[in-house]
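Following: one structure in structure tokens, then a few remarks.
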Amino acid sequence: MKSLAEMEASKLGLYICDLPGSLTPMDVVAEMQDFRTRMGGSPDLVVLDYANLMEPTRRKGRREEFNESQSFDALFKELHFEIARKQEVSLLTAVQESRKSSPKDGGVKNIGKSHYIAPHCHFVMHLFQRPEDNITNIIRYNIDKNRFGPTSKENQLTCVYALNYIGDDM
């Protein structure tokens, strides 16, 4: 059985950094600087999963109160400016969709606090599966927002487990 590090090394230039806790965009910038030092260059793409759990830098550790709108607005502006623009990398953020929504509902309205997040995004894609899709390894997606092209509904991808999974063998 291969270790997680061996599986990661066999993928295409993948560097995984799992930072626990409540992060700020500046924590991500610090990790990118560490990456540059160790790897000799900048990453082509930074993926932030559960970006909605992050906090804006100016809020962390302070007693000032932000309402949700101010907090998400500040966070996603900072992600766009401090990481994507200043660090000159592509940034992909992922947020948890409401578990109460169904695939047919789709759209940014089912992403928690999407009315604060979506205005800062160039592109919004909604991934989902129907119960029968698990058997056929299908992932469906809608393109709900695209500043540079068309939107679309009900597209599908076929996933190949051996090529797409990094983690413990099942």
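The values are calculated or read from the model by the stated rules, or taken from the named source; none is laboratory data. Please read these numbers as outputs of a predicted model, since none were measured by experiment. With ideal geometry, Cβ positions are generated from the backbone for all residues, glycine too; neighbour counts draw on all protein chains shown. Side chains included, ligands, DNA and RNA excluded: accessible areas come from the protein's heavy atoms. Shrake-Rupley method; radii C 1.70, N 1.55, O 1.52, S 1.80 Å.
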Extreme residue, surrounded by the fewest Cβ atoms within 10 Å (Cβ to Cβ), among residues of segment 49-64 that are at pLDDT 60 or above and in contact with a helix residue (DSSP H, G or I) (Cβ under 9 Å, 6 or more places away or on another chain): 58
Complete set of residues in segment 1-32 that are modelled with pLDDT of 70 or more, more than 20 Å from residue 72 (Cα to Cα), out of contact with any helix residue (DSSP H, G or I) (no Cβ under 7 Å at 6 or more places or on another chain) and open to solvent by less than 70 Å² (accessible area, probe 1.4 Å): 30, 31, 32
Whichever residue in segment 26-57 is touching a Phe, Trp or Tyr at 6+ places or on another chain (Cβ under 8 Å) and without any contact (Cβ under 8 Å) to a residue 40 or more places away in the chain and, among such residues, is nearest to residue 94 (Cα to Cα): 56
Any strands (runs of 3 or more DSSP E) falling wholly within segment 84-170 and containing at least 3 residues that are over 30 Å from residue 70 (Cβ atoms) and at pLDDT 65 or above: 138-146, 152-158
